[in-house]
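Below: the structure, in structure tokens.
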Amino acid sequence: MGTRTLTVRSLPEDTYAGLKKAAAARNRSMEAEARLILVDAVARASRWSDAAVLADLSGPEELADIETPYVRSSDRPKELP
């Protein structure tokens, strides 16, 4: 699958400033930082969704025993290919 483009309009000023600051602290462009944040957020949402499916299949009491991996920011790749 090829790459896709996303344009984000009307981003709150404090969000924009925070993204700019985070990107500069990691010596990345704002685009690269936003890309990594989105990839991480979608991966987390997918894991939580998978856990919810398991809860539906087995019952919520069994969900307490499921370990859902948490991806620390330090575990994320520095740049995407």
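The packing ranking of peptides 30-40, 12-22, highest mean first, is 30-40, 12-22, where packing means the average number of other beta carbon atoms within 10 angstrom of each residue.
Calculate the spin-label point distance for Val8 paired with Ala43, positioning each point 7 Å from the Cα along the beta-carbon direction, and give it in nanometres. Using points 7 Å along Cα→Cβ, the separation is 1.8 nm.
Just so you know, all these numbers are worked out from the coordinates, no wet-lab data involved. Just so we're clear, the structure is a prediction, and the values are computed from it rather than from any experiment. So basically every Cβ, Gly included, is an ideal-geometry build from the backbone, and we count neighbours across all protein chains shown.
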